[in-house]
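The values are calculated or read from the model by the stated rules, or taken from the named source; none is laboratory data. Since the model is a prediction, treat every value here as computed from it, not as a measurement. Methodologically, a virtual Cβ is constructed for each residue, glycine included, from the backbone with ideal geometry; neighbour enumeration extends over all protein chains shown.
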Amino acid sequence: MEGDNQNINGAGPSTNGLLQDQRKLLPIARGRDALVREIQENDVTILLGETGSGKTTQIPQYLLESGASGSGIIAVTQPRRVAATSLAVRVAAEQNDKLGKRVGYSVRFDERSSPETRIKYLTDGMIVRELLSDPLLSQYSVIIVDEAHERTLRTDLLISNLKMIQGKRNHRSTGSKEKEKEKFNPLKIVIMSATLDAEKFSMFYQNAKIIYVKGRQHPVKVYHSLESQTDYVESAMRTFFQIHTDQTPGDVLIFLPGQEDIESLEKSIRLFANQLPHDVMDVLICSMYAAQAPGQNSKVFLPSPARTRKCILATNIAETSITIPGVKYVIDTGMCKEKRYLARNTGGGFDTLLTRAITKSSAMQRAGRAGREGMGLCFRLYTEDAFDTMDLSPEPEILRCSLTSSILQLKCLNQDLEDLDLMDMPDTESISSALKTLWLLDAIDQNKELTPLGRQMALFPLEPVHARAVIASREQGCTSEVLDIISVLSASSKLFVDVAEHREAASEARRMFRHASGDHLTILNVIRAYSDISTTGGKAARREWCRKHFLNEKTLSEASEIRSQLRQACGRMRIDWNVSCGDGEGQLLKSLAYGLAQNSAFLQPDGSYKQTMGHSVIKIHPGSVLCDKKVPAIIYDELIYTNQIYARGVSSVQKSTFTAIGALNRRSS
Ligand code: CDP
Ligand code: MG
C-alpha cells in the first residue's frame with residue numbers, strides 16, 4: 001500500500017536500543033512479572049490504568065516474552081483502525097521486527113500478518129467478523145479487549161461472545177473419549193479500560209479481578225472560559241496563539257470533534273503563524289484523526305525540531321487510544337462527534353454523526369494529556385457550569401447505533417441479539433427496526449430466519465445495503481461498475497470536498513463529471529477520469545488534478561484498496577467482478593436500488609420529496625448534482641439533519657424500478 005507504514009519510529013538496530021530503554025522506563029515496567037502472573041492465574045483480568053502507562057504496547061509483549069501466551073496468538077482489539085495500525089507499527093519496532101512478521105494488524109480492507117504473527121492488533125469489528133469462520137476464536141490464546149470503556153457496539157458483542165467462548169474452551173470435558181479427542185485450548189481474557197468504571201466489567205465476568213496500573217501523572221492546572229464560546233474553532237485559534245506567544249516551550253494538543261474542523265483550524269493557524277515576528281518560535285502543525293491513511297500521522301510522534309512548537313490537532317483518538325509525547329498544553333473545545341441512530345419518524349433508521357458536548361470522563365482524560373511529562377496547563381473553551389452539566393460517561397453504542405449489520409452477523413452465528421448475555425440490552429424498537437431493514441433487503445425471511453442471500457451478504461466486509469447492491473449487480477451484469485461506486489462510498493472520507501463557501505467553484509470545476517442521473521454515476525465518471533490520469537501522469541499530476549477538481553485524493557486511493565479487497569471477496573463467492581455494463585446506467589441504478597430501496601423518496605405535487613418507507617419530507621442536499629432537479633423518484637445514501645432533512649448521494653430512478661424489485665409490496669406487510 002502507498003502510505004508506508006514502516007517509517008514511524010523506524011526500527012533499525014541503532015534506534016532499537018533507544019526503544020528498549022524507553023520500554024524499561026514506562027510506569028508499567030515495574031509491575032511486569034506480577035501482571036504476567038495475574039493474567040496467567042485468572043481467566044479474566046480487568047486492567048485499569050492511566051493513559052500512557054504502557055498497557056496497550058507492553059502487556060502483549062510481556063505475555064509473549066515470558067512465554068505466558070503459549071503457542072497461540074495474542075489479540076489486542078481497538079475501536080479505531082488508525083490506533084490498531086499505528087500500535088502495530090510501534091510494537092513491531094519495539095520487537096525489532098518487520099511489521100507483519102511477529103507483530104501484525106488486521107483492520108477492514110487491510111491486513112498485515114503472516115503465519116509467524118504472535119501479536120495481532122485488530123479492530124473490534126474485525127475480530128467479531130472472525131467469529132464467522134472460527135466461532136471459538138481458537139487461534140488466540142489471549143484476547144485483550146482494549147479501550148473497553150468506549151463501549152462500542154462491536155466491543156460489547158465481543159465481550160458477550162468471549163464469555164460464552166471461554167465457557168466452552170476452558171471447561172475440560174470429563175467424558176474420557178471426548179477428552180482424548182478434544183485438545184485443551186484455554187483462553188485468557190484481559191479487559192483494559194482507561195476510566196474508573198471497571199466494576200461493571202468485573203461484575204459481568206463473575207467478579208473478575210481488577211488490577212490498577214499507576215501512570216506517571218503530573219498536576220495539570222485547568223482553566224475554564226468565563227463565557228460560553230460560539231465558535232470553538234476561532235476560539236481555539238486565539239487560545240493557541242496566546243499560549244504560543246506567552247508561555248514557555250512545550251507542545252500544544254488541541255481536541256476538536258472531527259476532520260473538517262481540524263482542517264479549517266489548520267488553515268487559519270498556518271495563515272497567522274506566517275505573520276508572526278521573527279523572534280517567536282516556529283509552529284509545526286500535525287493532525288490525528290480516524291480517517292487518516294496509515295503513516296500519514298508519523299510526525300506526531302517525533303520530537304519537535306529546535307525552536308519549534310508542535311501543535312497537534314486531534315479528535316478524541318488522542319484521549320486514550322494514542323499517547324503523544326511532548327505535550328504540555330491542552331486546548332479542549334469540549335466537543336466530539338458521536339454516532340447516533342435516528343430511528344424515529346424517519347422510516348428506516350440510520351446512523352448519523354452528530355457533533356455534541358463531550359462527557360466529564362472525556363474532559364478529564366483530555367486535561368490529563370497535558371501532565372504526562374511535567375506540570376501542564378489545560379484550557380477548556382467552555383465554562384465551569386458547562387462542565388458541571390456534562391454527562392458522566394458516554395452512553396454505550398449498543399443503545400444508540402444501528403444494529404442492522406450486527407444482527408445479520410449474529411444470525412450467521414445462529415445467535416439472536418435478544419438472547420445474548422449483554423452488558424446493556426438495546427430497546428426493542430431499534431432491534432425491530434434493524435430486523436425490518438434486513439427483511440426489506442431479503443436477508444431474513446418472514447420468520448426472521450436468515451436467507452441464503454443474507455448469508456452471502458454477511459460475507460462481504462460491507463454494510464448490508466451495499467452488500468445487497470453488489471449481489472444484485474451480478475444478475476444485472478454490472479459488478480465492475482457497482483464495485484467502483486461502493487468502494488468510494490465505503491471509504492472513510494467523502495470524495496467531493498464540500499466547503500459551503502466554495503460550493504459554486506467546486507460545482508463548476510466538477511461540471512465535466514456530472515451525470516444527469518445523479519451522484520452515483522457522477523462518482524463513476526470521476527473514477528474513470530482518475531484512472532486515466534493515473535495511467536498517464538505521475539503522483540504530482542494526480543494530486544494537482546484532484547485539487548483542481550475539489551476531489552479528495554485520499555478517498556480515491558483508499559477506494560482503490562477497498563475495490564481490490566471487494567474483488568477478492570467476489571472471487572471467493574464466484575461472482576465475476578469483471579462483468580461490465582459499459583454505459584448501461586439502467587442496470588447500474590437498479591442494482592443500487594436493491595440496496596437502497598429503504599432510502600428512497602417520491603416527488604410530491606408541491607415539489608418536495610416524501611419518503612417511500614417513512615413519513616418525512618426531505619430535500620436534496622445542495623451539494624448534489626440533482627439539487628435543483630425535479631425527478632419522479634430518488635434513492636439516496638444518507639440523510640443529514642440540519643435545519644431540514646437533506647438527502648445526500650442522490651440518484652434519479654424510475655418509479656417502476658421499485659415495483660420491479662418488489663420493494664414496495666414489502667413496505668406495508
Ligand atoms: O495503553 P497506554 O495508554 O497505557 O499506553 P501505550 O499506548 O502502551 O503507550 C506507551 C508509550 O508508548 C506512550 O508513552 C507513547 O508515547 C509511546 N508510543 C509511541 O511513542 N508511539 C506509538 N505509536 C504508541 C505508543
Ligand atoms: Mg492504551
For this session: Might you let me know whether region 494-517 holds any residue that is of a type in the set (Val, Ile, Thr), in contact (Cβ under 8 Å) with a residue 60 or more places away in the chain and out of contact with any Asp or Glu (no Cβ under 7 Å at 6 or more places or on another chain)?
Result: no
Exercise. So, in region 219-247, of the ones that are in a loop (DSSP other than H, G, I, E, B) and free of Cβ contacts under 8 Å to residues at least 12 places away in the same chain, which residue ends up farthest from Val327 (Cα to Cα)?
Worked result: Thr230
Problem set entry | Matching residues in region 20-44 - criterion: being charged (D, E, K, R), part of a helix (DSSP H, G or I) and surrounded by 12 or more Cβ atoms within 10 Å (Cβ to Cβ) | Arg23, Arg30, Arg32, Arg37, Glu38
For this session: Enumerate the pairs (first residue in region 368-383 and more than 15 Å from Phe255 (Cα to Cα) and hydrophobic (A, V, I, L, M, F, W, C); second residue anywhere and assigned to a strand (DSSP E or B) and away from ligand 2 (no atom under 16 Å from the Cβ)) with beta-carbon separation below 9 Å, excluding pairs fewer than 6 apart on the same chain, so at least 6 apart or on different chains.
Result: Met375/Val220; Met375/Lys221; Met375/Lys328
For this session: Taking Ala88 as the residue in question, decide whether it is within 23 Å of Leu157 (Cβ to Cβ), near ligand 1 (Cβ under 10 Å from one of its atoms) and at pLDDT below 95.
Result: no
Exercise. Mind checking which residues of region 425-447 are surrounded by 13 or more Cβ atoms within 10 Å (Cβ to Cβ), touching a residue at least 24 places away in the same chain (Cβ under 8 Å) and more than 24 Å from the chain's Cα centre (by Cα)?
Worked result: Lys436, Trp439, Leu440, Leu441, Asp442, Ala443, Ile444
Problem set entry | Candidates Ser133, Ser141 - the one that is in contact with a strand residue (DSSP E or B) (Cβ under 9 Å, 6 or more places away or on another chain) and either β-branched (Val, Ile, Thr) or more than 16 Å from ligand 2 (Cβ to nearest atom) (or both) | Ser141
For this session: Look at Thr56 and say whether it is among the β-branched types (Val, Ile, Thr), within 16 Å of ligand 1 (Cβ to nearest atom), in contact with an Asp or Glu (Cβ under 8 Å, 6 or more places away or on another chain) and under 28 Å from His218 (Cα atoms).
Result: yes
Exercise. Is it the case that some residue within region 391-407 is within 16 Å of ligand 1 (Cβ to nearest atom) and either hydrophobic (A, V, I, L, M, F, W, C) or touching a residue at least 60 places away in the same chain (Cβ under 8 Å) (or both)?
Worked result: no
Exercise. Quick one: how many residues across region 264-321 are of a type in the set (Lys, Arg) and at pLDDT below 90?
Worked result: 1
Exercise. On the given criteria, is Asp146 buried (at least 24 other Cβ atoms within 10 Å of the Cβ), within 13 Å of ligand 1 (Cβ to nearest atom), in contact (Cβ under 8 Å) with a residue 40 or more places away in the chain and acidic (Asp, Glu)?
Worked result: yes
Exercise. Filtering region 101-116 down to residues that are within 16 Å of ligand 1 (Cβ to nearest atom) and without any contact (Cβ under 8 Å) to a residue 60 or more places away in the chain, which residue is nearest to Lys24 (Cα to Cα)?
Worked result: Val103
For this session: Output the residues belonging to region 53-93 that are within 16 Å of ligand 2 (Cβ to nearest atom) and free of Cβ contacts under 8 Å to residues at least 12 places away in the same chain.
Result: none
Seminar exercise, completed: If we ask which residues in region 276-314 are in a loop (DSSP other than H, G, I, E, B), surrounded by 16 or more Cβ atoms within 10 Å (Cβ to Cβ) and within 16 Å of ligand 1 (Cβ to nearest atom), their number turns out to be 9
For this session: May I ask you to verify whether Ser480 is over 25 Å from the mean Cα position of the chain (by Cα), surrounded by fewer than 21 Cβ atoms within 10 Å (Cβ to Cβ), under 24 Å from Leu551 (Cβ atoms) and not acidic (Asp, Glu)?
Result: yes
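Rundown of residues vs (1) surrounded by fewer than 16 Cβ atoms within 10 Å (Cβ to Cβ); (2) within 23 Å of the chain's Cα centre (by Cα); (3) among the hydroxyl-bearing types (Ser, Thr, Tyr), yes/no style:
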position	(1), (2), (3)
Lys360	yes, yes, no
Ala363	no, yes, no
Gly368	no, no, no
Glu373	yes, no, no
Phe379	no, no, no
Tyr382	no, no, yes
Thr389	yes, no, yes
Leu417	no, yes, no
Met423	no, yes, no
